[in-house]
1. Given an 8 Å cut-off on Cα distances and at least 6 residues of separation, report the relative contact order of the stretch 106-215 as a percent.
2. R17: net charge of surrounding residues, Cβ under 15 Å, Lys/Arg +1, Asp/Glu -1, itself excluded?
3. Quick check: pseudo-label points 7 Å beyond the Cα along Cα→Cβ at T124 and F214, how many nm apart are they?
4. Taking neighbour Cβ counts within 10 Å as the exposure measure, how do L78, L97, L175 sort from fewest upward?
5. From the cross-link list K104/K191; K101/K188; K144/K188, which pairs have alpha carbons spaced over 20 Å apart?
6. Under 15 Å from the Cβ of E75, count the other residues' Cβ atoms, weight Lys and Arg +1, Asp and Glu -1, and hand me the total.
7. State the three equivalent ellipsoid semi-axes of the stretch 76-183, derived from the C-alpha gyration tensor as the square roots of 5 times its eigenvalues, in descending order and whole Å.
8. So for D126, D192, fewest C-beta neighbours within 10 Å to most, what's the order?
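Nothing in this text is a laboratory measurement; each read-out follows from the coordinates by a stated rule. Bear in mind that the values here come from a model prediction, so they are computed numbers and not experimental data. So basically every Cβ, Gly included, is an ideal-geometry build from the backbone, and we count neighbours across all protein chains shown.
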Amino acid sequence: MSNIKAHTRYSTQDGTRVPGVTTVVGQLGWDKNALIAWARREALAGNDPNKIRDTAANIGTLTHYIIECHIKGIEPDLSDYSKNDIDKAENGFLGFLDWEKDNKLEYIDSEIKVVSEKYKYGGTLDLIAKKNVSFWLVDFKTGKGIYPNHKIQVSAYAKAYTEQTGNNIKETYILHLNRETGAFAYHKLSKDDISNGWLVFKHCRELYELEKNFK
């Protein structure tokens, strides 16, 4: 697997290109101040923030890929990654395995591409699973923590998935996988989290379109 992640493109059924969830949320500067402060600290410490960011992105992509291969029962190709990236991604994967033991879910699919025809956006879901008759949406994060924009993202994913499949998501989780220690922590989103997250995303989507047309 290449360590250069291709930009995912989303289109409606009539072929119209639509933005991805992370593009919509990121365009409006969520967590920008935190990122600027982090970059400044790293630069003052003599580190290259861009290099650190790119390495972290590689590790995150690889962690997702290893989990996807595990769920689908295929052997991952790690040939394009460094030993450091593989070691840290495997730490994240160990956290996933521990979480898996605790929950014993029926996996439906992973890395699922969805598009909302109604609201004109797309996204890629990390995992859809079932427990008894309830559908779960689980989003994996390998960064330093969980931030408000993550809740907005998964709220939009849940909306598009339900629209596309007709399956209502009963449980929504953000699963944080520590790439340093192999520990995991999962955060269940409440109904209010989902409702508020979707409301914010819906406004973000409208502003994204307005900004594009204004330019």
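1. On the way: 178 pairs, mean separation 26.0, N = 110.
So the answer I get is 24 percent.
2. Details: positive: R9, K113, K120, R205, K212; negative: D14, E117, E209.
Around R17, the surrounding residues sum to +2.
3. My value for the distance between the label points is 3.1 nm.
4. Numbers: L78 18, L97 14, L175 22.
Listing L78, L97, L175 from fewest to most nearby Cβ atoms yields L97, L78, L175.
5. Values: K104/K191 23 Å; K101/K188 17 Å; K144/K188 18 Å.
Distance filter (> 20 Å) returns K104/K191.
6. On the way: positive: K72; negative: E68, D77, D80, E90.
With Lys, Arg at +1 and Asp, Glu at -1, the net is -3.
7. On the way: eigenvalues 134, 54, 36 Å².
The equivalent ellipsoid of the stretch 76-183 has semi-axes of 26, 16, 13 Å.
8. Numbers: D126 20, D192 8.
Fewest to most other Cβ atoms nearby, the residues stand as D192, D126.
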